[in-house]
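Below you'll find the structure, written out as structure tokens, and then a few comments.
The values are calculated or read from the model by the stated rules, or taken from the named source; none is laboratory data. Note that this is a predicted model, so its numbers are computed, not measured. Please note: Cβ atoms are built from the backbone with ideal geometry, for glycine as well, and neighbour counts cover all protein chains shown. Surface accessibility is based on the protein's heavy atoms, side chains included, excluding ligands, DNA and RNA. Shrake-Rupley method; radii C 1.70, N 1.55, O 1.52, S 1.80 Å.
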Amino acid sequence: MPLMKSWLESANAPDCPFPLNNLPYGVFSHGGAAPRCGVAIGDQILDATALEAAGMLALSDKPVLDRPEWNAVMALGPQAWQRLRTLLFGYLVEGSALKSQIVDYLRPLSGATLHMPFAVAEFTDFYAGQHHAVNVGTMFRGAENALPPNWLHIPIGYNGRASSVVVSGADVRRPWGQLKAPDADAPRFAPCERFDFELEMGAIVGQPSANGQPVSVAQADAMIFGYVLLNDWSARDIQAWEYQPLGPFQSKATATTISPWIVTREALEPFRCPTPAREKPLLPYLQEPGPMLYDIDLEVELTPRSGTPTTIARTNYREMYYSAAQQLAHHATSGCPMRVGDLLGSGTISGPEKDNRGSMLELSWGGKEPLKLGDGTSRSFLEDHDRLTLRGACRGDGYTIGFGESTGTVLPALTQPYGR
Ligand code: CA
């Protein structure tokens, strides 16, 4: 698919993250005004809340964009999603007869505050990147036992916390927790010394499933509304002591940072690609009827207090072993009902090479090979005041589908977490 031209010239540049082909959904405000729903286009935001109030985005008999979240739009289902996209195309396409009216609904992207684009119903985090699982498994159990025996059969996951999902730009405070060195007799309670990031994609569930009713992979794919970048902050030392036998708990609960624009499944269609070859056949309920992954270039930048940024990892979403649709289908095998606004973390997306690794744990090989940064310092794990930025983009024929950024800065741990 080529670039679809808009009358808004800034949207037509080959490297613009928000061309007409994209149309991602977010929530924005200017100054102290109330947050409202918007659609990114070029260097502008189309005020969807105002357009609906003016009767130009009628998706339902009741307003659905009169609140600072996209959940009500998601709940309307795929026909309404398609109708919304068709209306937006008609308003913004080059030659649109409505240009003179639509211009009045554009607000500058520059200077806008971006908020959480949807209310997260529940958050589930998976472990579906094979390079990541092999790297971590090799460090902890040795190369012979790198992958757990279930890994090639089940998209492994755990139920995380929706309450600590935050939008790009929010600071993240280094947590306290129970730490125990392998040779220590007893644990101690102290600030995390191995604070880390995880480069992931988040899939947003836009349609519910009924209690007791599993869904197929094809049904699961159709339930997904869109995708965001996701940084799953991780306290490795807390994790090492707590994770057996029920998996991570407090080590993953501090924060999860998502990018502010929901890139829709529709916008990603031209970039579909298959999951890698199966090393062991999957059970029938997990088999994919078609390509379910996307070709999305990803990168991670670390900016210390010195202000000098270093790109520390580059990888691609197509490295995942399981797609979000497979994860969602597996999630519902138990009959667990899925809800509008559920967020599924893909698992850390590492590639085969050293500079494709999506976490400090892997980049520094557990601290044994500290990473050199552009300002001359080195890192095994994140230090206070480090700013982490994830970026993602699909490269089309003369255009880019951008995700914006997922950014967060590490604040020092509280000096007295419980006061005196
Ligand atoms: Ca994770």
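As a test of understanding, state the convex hull volume per residue of the chain from its alpha carbons, in Å³.
Cα convex hull per residue, to the nearest whole number: 162 Å³.
May I ask for log10 I(q)/I(0) of region 318-420 at q = 0.16, 0.20 Å⁻¹, from a Debye sum over the Cα atoms as equal point scatterers with solvent left out?
-1.04, -1.20
In terms of solvent-accessible area of protein heavy atoms at a 1.4 angstrom probe, what is the ranking of D386, D297, highest value first?
Descending accessible area places them as D297, D386.
Before I look further, what does the chain give for accessible area per residue, probe 1.4 Å, in whole square angstrom?
42
Return the Rg/Rh value of region 342-391, two decimal places, where both radii are evaluated on C-alpha atoms and Rh is the Kirkwood radius.
1.01
Within the chain, how many Lys pairs sit with Cα atoms under 22 Å apart, leaving out pairs fewer than 8 places apart on the same chain?
The number of close lysine pairs in the chain is 5.
Above 20 angstrom, tally the Cα pairs of region 151-271 and express them as a % of all pairs, no decimals.
Value for region 151-271: 56 percent of Cα pairs lie more than 20 Å apart.
Could you work out how far the C-alpha centroid of region 104-139 sits from that of region 168-240, in angstrom?
Between the Cα centre of region 104-139 and that of region 168-240, the gap is 10 Å.
Using a 1.4 Å probe and counting only protein heavy atoms, arrange T275, T311 so the residue with the most accessible area comes first.
So the residues, ranked largest to smallest area, are T311, T275.
In whole percent, how big is the carbon plus sulfur part of the accessible area of the chain, probe 1.4 Å, protein atoms only?
53
Can you give me the convex hull volume of the Cα atoms of region 67-170, divided per residue and expressed in Å³?
Hull volume normalised by residue count: 210 Å³.
Of the listed peptides 174-184, 285-295, what is their order by residue-averaged count of other C-beta atoms within 10 Å, with the highest listed first?
Highest to lowest by the protection proxy: 285-295, 174-184.
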